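The values are calculated or read from the model by the stated rules, or taken from the named source; none is laboratory data. Model, not experiment: these values are computed from the prediction. We place every Cβ from the backbone using ideal geometry, glycine too, and count neighbours over all the protein chains shown.
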Amino acid sequence: YFIQDEWKFAPKWTVTPGIRVDHHSSFGTHTSPSISLGYDVNERQMCMLRIKSTS
């Protein structure tokens, strides 16, 4: 399962939180949160900072 949302909190800034849940019969359940921060440099470019947890 994967859920994410996008929130534009200022004219050029966007934050995108998300969470992924994986289940494997041998390894169990693992939850992976993530968050991205984006800045619109112009109409064609966006700078992104992305942080996420992996197994």
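Filtering THR29, THR16 for residues that are part of a strand (DSSP E or B) and either of a type in the set (D, E, K, R) or surrounded by 13 or more Cβ atoms within 10 Å (Cβ to Cβ) (or both) leaves a single hit, THR16. Does THR16 satisfy the condition of being modelled with pLDDT of 95 or more and of a type outside the set (Asp, Glu)? Answer is yes for this residue.
Can you confirm whether LEU49 is among the aliphatic types (A, V, I, L, M), outside any loop (DSSP other than H, G, I, E, B), surrounded by 12 or more Cβ atoms within 10 Å (Cβ to Cβ) and touching a residue at least 12 places away in the same chain (Cβ under 8 Å)? Judged against the criteria, LEU49 is not a match.
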